[in-house]
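K.L.:
Before I ask anything, let me first share the structure, which is written out below as structure tokens.
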Amino acid sequence: MIPMRVESVGVVPGNRGLVVVLREETGSRLLVMEIGPLEANSIGMELEGIRPPRPMTHDLFVNALQNLNTRVTRATVVELRDSTFFATLTIETSEGVVNLDSRPSDAIAVALRCEAPIYCLPGVLEEAGIDAGEPQVH
């Protein structure tokens, strides 16, 4: 698994939709995924540290998981099929580890709120990654 971080969220010039851009933590490849406006807003608010007065959907889900004594351990982009990305959200429960099927945008929004790492499987990044030039070191 390749560690990733959220580079940005927003509109890409020439694209009609919204995207989230992930960057390899120790490399130069980007993964650009189209997402919906609600998910873009949720990710953007978390990146900016904006706290709404009432819980939004991803906040509610995180609160429910925490109240059920579970812990989000990671979000992973696991597949690209027919131009659609797939992800899993991995949680630890008292019964063991559970991988939940998820849209990448939802998995990212939840992982950010839980300060859980974000990963991409190597094959997905090899297939859909865009080389952005020089690696960034953080």
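Read-outs throughout are calculated quantities, based only on the coordinates presented, and are distinct from any laboratory measurement. Since the model is a prediction, treat every value here as computed from it, not as a measurement. Here Cβ is always computed from backbone atoms with ideal geometry, including for glycine, and neighbour counts include all displayed protein chains.
K.L.:
In debye, nearest 20: dipole of the chain around its Cα centre with unit charges on the Cβ of K, R (+) and D, E (-)? If you can, show how the numbers build up before the last one.
P.N.:
On the way: 11 positive and 19 negative charges, 75 e Å.
My answer is approximately 360 debye.
K.L.:
While we're looking at this one, here's another question. Between helix 37-48 and the chain, what is the angle of the helix's C-alpha long axis to the longest principal axis, kept within 0 to 90° and rounded to the nearest 10?
P.N.:
Taking the Cα atoms of the chain, the angle to 37-48 is about 80 degrees.
K.L.:
Taking H placed 1.01 Å from N in the peptide plane, check which residues at least 5 places from GLU25 or on another chain put their amide H under 5 Å from its amide H.
P.N.:
Residues meeting the criterion, in which the H sits 1.01 Å from N, are MET4, ARG5.
K.L.:
What share of all Cα pairs of the stretch 30-74, in percent, falls into each consecutive 10 Å distance bin?
P.N.:
It works out to 22, 46, 29, 3, in whole percents.
K.L.:
Can you give me the P(r) profile for the chain? Cα pairs, bins 10 angstrom wide beginning at 0, each as a whole percent.
P.N.:
For the chain, the binned pair fractions read 12, 43, 35, 10, 1 percent.
K.L.:
Applying the Karplus parametrisation 6.51 cos²θ - 1.76 cosθ + 1.60 with θ = phi - 60° to the phi angles of the stretch 54-64, what ³J(HN,Hα) value in whole Hz is obtained for each residue in order, glycine and proline being reported as x?
P.N.:
Ordered by residue, 3J(HN,Hα) equals 10, x, 7, 4, 5, 5, 4, 4, 4, 4, 5 Hz.
K.L.:
Please compute, over every Cα-Cα pair in the stretch 42-104, the percentage with a separation greater than 16 angstrom.
P.N.:
Details: 1104 of 1953 pairs.
Above the 16 Å cut-off, the stretch 42-104 has 57 percent of its Cα pairs.
K.L.:
Sequence gap at least 6, Cα distance under 8 Å: using those rules, report the relative contact order of the stretch 69-132 to the nearest whole percent.
P.N.:
Working: 114 pairs, mean separation 22.9, N = 64.
It comes to 36 percent, rounded to a whole number.
K.L.:
Continuing with the same structure: Apply the Karplus parameterisation 6.51 cos²θ - 1.76 cosθ + 1.60, with θ equal to phi minus 60°, to every residue of the stretch 3-12 and state each ³J(HN,Hα) to the nearest whole Hz, in sequence, with x for glycine and proline.
P.N.:
x, 10, 9, 6, 7, 6, 9, x, 9, 9
K.L.:
Same structure, new question: Taking Cα pairs under 8 Å and at least six residues apart, what relative contact order does the chain come out at, in percent?
P.N.:
Values: 264 pairs, mean separation 41.1, N = 138.
The normalised contact order for the chain reaches 30 percent.
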